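Heads up, the thing below is written out as structure tokens.
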Amino acid sequence: MSSHYLIKNATLASTGQVVCVEVDGERIAQVYTDGTVPACENVIDAQGLLLFPGVIDDHVHFRDPGLTHKADMHTESCAAAAGGVTSYMEMPNTVPQTTTFQALDEKFEDAARKSVVNYSFFYGATNDNAAELPLLDVNHPDAEKNAVHVPGVKLFMGSSTGNMLVDKRDSLKQIFSNTPKNMVIMAHCEDMTIINKQTAEVKAKYGDDAPVELHPVIRNDDACYASTALAVELAKETGARLHVAHVTTAKEAALFESKSLSDKKITAEVCIPHLVFTDADYSTLGTRIKCNPAVKSAQDRDTLRQGLTNGWIDVIGTDHAPHLLSEKQGGSLKAVSGMPMVQFSLVTMLELVKQQVLTYADVVRLMCQNPAILFGVAERGDIQPGFYADMVLVDPKKEWTLTASDIQSKCGWSPLENFTFSHQVVRTICNGHTVYLNGSVDSSYRGKPLDFKR
């Protein structure tokens, strides 16, 4: 395909308009809504297809470096491309952890060699590195070269290892105070005191392991609410921008405001597993849906779904966290937590459109536009002239059933296997280049580091 081409007869998912999009090189040159189709030698006829902006996933774990037996930046970016995800923001709990500027530089260098789609990386907060956080501001005189590419600071207030678990108020306040005010703190909120108490009670009854159905008992609503409430309190006290990752409970809804994203300094993300599964699914899917925070009740799931349209939830992410199935053996205490989701996030949310929970415009807002607005991603997240040509063509009438052979992630499994979807990703375009077409990923292409305007 030439670097200059047209996509004609596409139905814009955000508005329902039939459009013709002109692409020149890496960018969108023009969007025609009046029936105009300019003369061009290279044309993609998208008759009957929906056109989405490329999905921006603000929450993935690609396990690279250090945990590449289960995933790596290349395999998981291929999975992203196959699912219509053209940009991702990856978490710092790798080996080594991304808690130094050297580790951050090395991740960007590695991504330039491996990543099929666009990328950026959170800087991890620890008990000891709060003094370095001001250097993440590109305007700081001593800022490191990659500061402009960092979406924010990731803070684990629960469920992490070593020095990345920060649960003392003094350390937390220092992190909230020192993070640049033009940068997001993305917090994993679970109260470890409550979790440790629940764990001890479960061990006293069941021994060293327990049925996976007890996972949401150990990591319960109270643990999530207490930690999120503390994070919100600290954000208000310090003026920090707080983004609470993977909200899971109805109880937490009271901590957020239902208003325009542009008017908020405290925002919420919900992830695919908590919108799809409930605690009733442990009986059939077992540890395949074990994640932290835990999948909880149907009431919790339904309240999260309501939050997608009433304004208190701002972004849908995946928390894509692949493990080998051998590592998922055991129950609530021994099986590892996390599941692969990035390849099937878009089509899964389009099932909620089929169920009339969401509209196509809601999906665009929550998975494309809002992540770009919230983090300040430059010139992505929408289909408009001058933006990078990150786009996805979806067939809204193509039923298909997910089998293991469809899976691009290195781990080779999905909790969604054998599910029949009503929409199918046909083509994914990243920076004007087709990285996925009808089942095949162009694994030779390399994406770009995301730029941020703050």
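The values are calculated or read from the model by the stated rules, or taken from the named source; none is laboratory data. Here the structure is a predicted model, which means the values were calculated and not measured. Reconstructed Cβ throughout: ideal geometry from the backbone, glycine too, with neighbour counts over all protein chains shown. Surface accessibility is based on the protein's heavy atoms, side chains included, excluding ligands, DNA and RNA. Shrake-Rupley method; radii C 1.70, N 1.55, O 1.52, S 1.80 Å.
On a C-alpha basis, how far is the centre of the range 341-397 from the centre of the range 134-210 in Å? Whole number, if you could? With the range 341-397 and the range 134-210 each reduced to a Cα centre, they are spaced 28 Å. What does the charge add up to near Arg63, with Lys and Arg as +1, Asp and Glu as -1, over the other residues with Cβ less than 14 Å from its Cβ? Residues close to Arg63 contribute a combined charge of -3.
With a cut-off of 12 Å between beta carbons, the residues surrounding Ser337 carry a summed charge of +2, where Lys and Arg count +1 and Asp and Glu -1. Here the chain has 47 percent of its accessible surface on carbon and sulfur atoms, given a 1.4 Å probe and all protein chains in place.
Other residues lying with their Cβ under 15 Å from the Cβ of Thr33 contribute a combined charge of -2, Lys and Arg counting +1, Asp and Glu -1. For the range 371-404, the set of trypsin sites (Lys or Arg not before Pro) satisfying both a DSSP loop assignment and a count of at most 12 other C-beta atoms within 10 Å is given as Lys397.
Database remark: amide H of Ser115 closer than 5 angstrom to the amide H of Gly447 (H placed geometrically; neighbours at sequence offset of 5 or more, or on other chains; Pro and chain starts carry no H).
Once you reduce the range 430-444 and the range 288-312 to the center of their Cα atoms, the two points are 32 Å from each other. Once backbone amide H atoms are built at 1.01 Å from N, Val244 has Ala187, Thr267, Ala268, Glu269 as its partners under 5 Å, excluding neighbours fewer than 5 places away on the same chain.
If you wrap the range 23-177 in the convex hull of its Cα atoms and look at it from every side, the mean projected area works out to 12.9 nm². Measuring between alpha carbons in the structure, the pairs from Lys114/Lys334; Lys70/Lys453; Lys328/Lys398; Lys8/Lys397; Lys296/Lys354; Lys259/Lys410 lying more than 30 angstrom apart are Lys114/Lys334; Lys70/Lys453; Lys328/Lys398; Lys259/Lys410. Heavy atoms of the protein chains alone define the surface here; on that basis the chain has 36 Å² accessible area per residue at 1.4 Å probe size.
From its DSSP helices (H runs of at least four residues, each -39,500 (n - 2.57)), the chain gives a residue-normalised ellipticity at 222 nm of -7000 deg cm²/dmol. Using Cα atoms only, what is the angle between the long axis of helix 169-178 and the major principal axis of the chain, expressed in degrees (0 to 90) to the nearest 10? Relative to the chain, helix 169-178 is tipped by roughly 30 degrees.
Could you please state, rounded to a whole Å, how far the C-alpha centre of the range 31-110 is from the C-alpha centre of the range 228-249? After rounding, the separation between the Cα centres reads 27 Å. Straight-line reach from Lys205: taking Cα to Cα under 16 Å and skipping same-chain neighbours fewer than 8 places apart, the aspartates and glutamates in range are Glu213.
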